[in-house]
Amino acid sequence: MPMPRFAHLSDTHIGAWREQQLRELNMKAFEEVMRRCIKVGVDFIIISGDLFDANIPELQTVKQAAEVMREVRDQGIRIYVTYGSHDYSASATSMIDVLNSAGLFQKVVEAESIGPESDEKLRLRFFKDSKTGVKLVGIYGRKNGLEKDYYEIIDRGHLENEPGFKIFVFHSVITELRPENLAYGETIPLSLMPKGFQYYAGGHVHKHLERYIDGYGHIAYPGPTFGATFTDLEDTALGEKRGFYIIDFDEEVKRISFEQIEVCSIVYKEFDADKKTARQVTESLKQFVGEVDCTDKVVLIKVKGRLGSGKPSDIPFDEIRRSLLDAGALVVRISHSSLTSEEITSLKVMGETRQEIENRLIEERLSGYDIDPTITDQKVRDIISKRLLGKAGISTAQRLLTVLKVEQKENESKDVFQSRVLRDVQKVMEIGDQ
Amino acid sequence: MGSEITVVGSVVMGSHGAILVRQRSGCSIELGDLLVIDNGDGSRHILQVYDLVYGSQLSQKNLELLSGMKLEGFTEDLGLIDPSLRNYVLVKVKSVANITSYGIRIPKTLPTFMSEVRAIKEEDLKFTKPPKPIFLGKVRSGSKTLNIDVFLDGDKMFRHHVLIPATTGRGKSNLVKVMLWSALGQAHFGILVLDPHDEYFGRHEKGLKDHPKAKGNLIYYSPTPPPGANTLIINLKSIEPSHFDGIVAFTQAQEEAVDAYYNRFGQEWIRQIIKGESIDTVSPKTITVLRRKLEYILGVYLDQTGKIQCRSGVFSDSAGQHTVRDIVSSLERGKIVVIDTSRLLDQAELLIGSIVANSIFRLYQQYKSEGTLEDKPVINIIIEEAPRVLGIDVLQRVGDNIYSIIAREGRKFKVGLTAITQLTSVIPREILANMNTKIILGNELESERKAIISSASQDLSTDDKNIASLDIGEAIVSSNFTKFAIPIQIPDFNELASIAQPQRKKEKTGFV
């Protein structure tokens, strides 16, 4: 009889990415994981948070994910999940809850508050996998590490005294295991984790790592199966492997192997623009476009540094992007958020309140702004003059700042959020129907 | 103390710094007592007793004869006429402060001859509370405690180093806990505490963890942390060859080997040495010895699968990559970081301190060069058994280390040391002179008292007996930031912690 085994994945972030191609690649990676799980004959699968990129993702994406998970379930492989910081919902109205109710998978977080208010404890419930007898218990990940409050009052004795092969499923960064160069906000100290589990199935860290810690056991973060941010893809291009873990076990963990998932090739190129002219940077980019083999590849470009002359807007990023797409690239992403210019001088302003400082900054910036002489359309010139110059400009900028500061509401999808912000911006700019 | 003025003596003779007061009969003046002379113009002299001797109107021979007659039974009712007039106690005092309407001044005049001397009252000493006060205790007059709080300006005190000299059992740890308790409430100072006895956090008893602001301002690292505290795991990559400077004695060949490995492998240098990776330019014998040395100090070894393990769990080649950065960041945000080093070898403890101290010192040097240092909180590193790193023999044998560098140069960069020691005499005078606050506890060793007295901020040349007679919890604060050496009674930390307002229980967490 073969040794029982399970798969552990996390941070699939289904539904992430604006670009259709990247969304599809992400889904492809997820499908590949699920199929490989069937192929290698795992007994169950753990998804330790951020299965979806939002608590209510786009339905088409959910449908695709649900289909592949149903294939897995039909093979008798159960899936156990916990919320991550992205797909968490305080009101249990996340897509995770919907699919949990539909029986597609089992959410392994259930808790009751016990003890007096002065010494409140959180007793977590174990879920037993009927096939293997493994006991799973989990805790959510929440935005900004809010789950730390839960860890502080977990009834540790209850968890630690439970016999058998136990897995703790969580979606938090353990302070002591934070990978180098990865900045996370709130982290959970190892000492808040219950001891004595055979396996700790972690999520939230976007790099795969596995450690054995005395007194605890194997703690593993598989990292994303594809990635949900430019940085993720950049890391992938720089050698970080994406995939999931397969764990063979009997009474103890016997073997942990990392199954790599590679759904596309990624080309990453960094350009240092320090002390260069905008023209020089443009030439370097064009030279790269001419030389790179980007067919069916994701191309990531990062331009950073402080230009010696010219402005970032002088570099034809759109043109570079189009050229690469024309050359066969699947997706092109150019990051130039860390590109600055000597011509963009820093301003020092004094003010007592944030509002005052903002006003002074806007005023300073607008004082040097004039209508571009190449704009000849009188209608456009009138609009700019009426809405963007002088006091009107200051007022427009302030109102723009206000509408751009709004945050996404809970349960509001990214698309709805974007449309709402866009609508508000159009109102401010008075360009709704123009 | 009551408001009634009680005359306890009268000035009879002496000189500046050595005034002789005749004690009034029925009064009992103690060593260390604070006495007062009202000058008549609203100002007053504060005197401190440093010695007590007998005085008599009778000659020594007559006294001896009188005593003999009584002892040998020559007469039954032998006595003196007006004995309280003829025999008395002479009290040696020094004027420690002159209180005027302008504040406390260093005394430069003698009190009037035959002045009446009275016991001190609480209203005689009013200290202005400094801006970032560190509470040390209450003013003590002999063995009596006055209800006058003694604070030092934490910024100045911690920046300009603190020395706490005392022999065992005189209350060093209690004092440090009291100081840290005071600092914890403020978040103005970044204090690193290397705790070889795991006694400050209060894992099983009252400790800093019981402070109402401990949750926000106290960070505790231990190889075996209680729930919620941090596990002390230092990644081997955080260790640089320079961290061993002055902590571990390497031979010339070993030093060269360390440099060669660091140059070749960078942050991986220890890992490669432990794994037995060879370098052509380094002899296998040197590597073997070096490897053994590192294995011993760090407690690391290769297991059967070829993975690096650590006996104490403190050093790792895979975890703890952010630990040093986190500690430094906490210090920079004015937190108190206590590191439980009770399970480590001396050298490993000092090495951890060295890693953190180096990082924070470099960072603060950088802040100074950028001109942003003044916005940063003062950092202080508390180290027990300071001669391990500040002792003359260590500095001569192994050379300077980060602690001695901080002791000499740290104040320029807002980084100070608090050195706790039983042996002041083995610390170089140059370093002692840099320690601008000394909180002197009882010490029965004359040689140590001499070293303390000779390096104090005020003239304590007459205080040898005072220091020798200090009981548990009694201390003298000699600091560049006080006008005179203040005798204090340090409160019992357990009592201090017991009366603290408990941390308010937050609302029910509610699992949603």
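For this structure, a couple of remarks:
- The Cα-based radius of gyration of chain A, divided by its Kirkwood radius, gives an Rg/Rh of 1.04.
- With the whole protein complex present, residue B:338 retains an accessible surface near 0 Å², based on a 1.4 Å probe.
- For the stretch A:227-303, trypsin sites (Lys or Arg not before Pro) meeting the loop criterion (DSSP other than H, G, I, E, B) and having at most 13 other Cβ atoms within 10 Å: A:275.
- Note on the stretch B:237-310: Rg/Rh from C-alpha atoms, Kirkwood Rh, equals 0.92.
- Peptide A:145-155 has a mean of 2 when you count, residue by residue, the C-beta atoms of other protein chains within 10 Å of its C-beta.
- Whole-number Å³ per residue for the convex hull built on Cα positions in chain B: 224
- Peptides B:58-67, A:139-148, B:36-45 ranked from most to least packed give A:139-148, B:36-45, B:58-67, packing being the mean of other C-beta atoms within 10 angstrom over each peptide's residues.
- Highest average first, the peptides B:475-487, B:439-451, A:416-428 ordered by how many other beta carbon atoms sit within 10 Å of their residues are B:475-487, B:439-451, A:416-428.
- Percent carbon-and-sulfur accessible area, the stretch B:445-496, ignoring ligands, DNA and RNA, probe 1.4 Å: 49
- For the stretch A:73-94 and the stretch A:8-23, distance of Cα centres in Å: 16
- The modelled label-to-label distance between residue B:278 and residue B:374, using points 7 Å beyond Cα along the C-beta direction, is 6.0 nm.
- Sorting B:100, A:295 by solvent-accessible area of protein heavy atoms yields A:295, B:100, largest first, with a 1.4 Å probe.
- Modelled FRET efficiency - R0 56 Å, residue A:391 with residue B:362, Cβ distances, 0.05 increments: 0.70
- For a straight C-alpha distance cut-off of 26 angstrom, the lysines reachable from residue A:28 (same-chain residues fewer than eight places away being disregarded) are A:39, A:63, A:107, A:207, A:241, A:269, A:297, A:302, A:414.
- Here each label is just a point 7 Å from Cα along the line to Cβ, and for residue A:287 and residue B:285 those points are 5.4 nm apart.
- With Cα atoms, 0 to 90° folded angle of helix A:317-326 axis to chain A main axis: 60
- Nearest-20 debye value, chain B charge dipole, Cβ charges on Lys, Arg, Asp, Glu: 1200
- In the stretch B:332-410, Cα pairs under 8 Å separated by at least six residues give a relative contact order of 36 percent.
- Accessible area buried between chains B and A, both sides summed, probe 1.4 Å, in Å² to nearest 100: 2300
- On Cα atoms only, tilt of B:284-298 relative to the major axis of chain B in degrees: 50
- Here the stretch A:131-289 exposes an accessible surface that is 41 percent carbon and sulfur, computed with a 1.4 Å probe and the other protein chains kept in place.
- Chain B, relative contact order in percent, only Cα pairs under 8 angstrom and at least six apart counted: 19
- Over all other residues within a Cβ to Cβ distance under 9 Å of residue B:19, the charged ones net out to +2, with Lys and Arg as +1 and Asp and Glu as -1.
- Selection of GluC sites (Glu not before Pro), the stretch A:221-298, meeting DSSP coil and at most 11 other Cβ within 10 Å: A:251, A:252
- Rounded to 10°, Cα long-axis angle of helix B:172-184 versus longest principal axis of chain B: 70
- Heavy-atom accessible surface of residue B:287, to the nearest 10 Å², is about 20 Å², with a 1.4 Å probe and all protein chains retained.
- For chain A, the solvent-accessible area with a 1.4 angstrom probe is 48 square angstrom per residue.
- At full extension, residue A:19 and residue A:113 could sit 29.5 nm farther apart than now, given 0.36 nm per residue minus the alpha carbon distance.
- The stretch B:251-277 residues near the modelled residue B:398 label - backbone nitrogen below 13 Å, point 7 Å along Cα→Cβ: B:251
- The stretch B:380-399-the stretch B:4-43 distance, computed between alpha-carbon centres (Å): 43
- Normalised by the number of residues in the stretch B:237-310, the mean separation of alpha-carbon contacts (under 8 Å, six or more apart) gives a relative contact order of 25 percent.
- Looking at chain B, the accessible area is 45 square angstrom per residue; that uses a 1.4 Å probe and ignores ligands, DNA and RNA.
- Computed from the C-beta positions of residue A:63 and residue A:230 and an R0 of 30 Å, the FRET efficiency is 0.65 to the nearest 0.05.
- Projecting the Cα atoms of A:243, B:312, B:217 onto the dipole axis of the protein assembly as shown, where Lys and Arg carry +1 and Asp and Glu carry -1 at the beta carbon, places B:217 farthest toward the positive end.
- Within the accessible area of the stretch B:7-122, the carbon and sulfur atoms contribute 55%, probe 1.4 Å, all protein chains present.
- For peptide A:207-213, the mean count of partner chain Cβ atoms within 10 Å of a residue's Cβ comes to 2.
- Here is how the number arises for the protein assembly as shown: DSSP H runs of 4 or more residues each give -39500 (n - 2.57), the sum is divided by the residue count, and the result at 222 nm is -9500 deg cm²/dmol.
- Computed FRET value (nearest 0.05) for residue B:108 with residue B:249, which takes r as the C-beta separation and R₀ as 45 Å: 0.30
- The separation of the stretch B:281-356 from the stretch A:102-130, counted between C-alpha centres, amounts to 38 Å.
- Packing rank of B:276-286, A:159-169, where each peptide gets the mean count of other beta carbons within 10 Å, highest leading: A:159-169, B:276-286
- Remark: mean inter-chain Cβ contacts per residue of B:323-334 equal 1, using a 10 Å Cβ-Cβ cutoff to other protein chain atoms.
- Which of A:374, A:396, B:372 is most accessible, then next, and so on - probe 1.4 Å: A:374, B:372, A:396
The values are calculated or read from the model by the stated rules, or taken from the named source; none is laboratory data. Computed from a prediction, not measured in an experiment: that's the story for all the values here. Methodologically, a virtual Cβ is constructed for each residue, glycine included, from the backbone with ideal geometry; neighbour enumeration extends over all protein chains shown. Please note that ligands, DNA and RNA were not included when accessible areas were found on the heavy atoms of the full protein model with its side chains. Shrake-Rupley method; radii C 1.70, N 1.55, O 1.52, S 1.80 Å.
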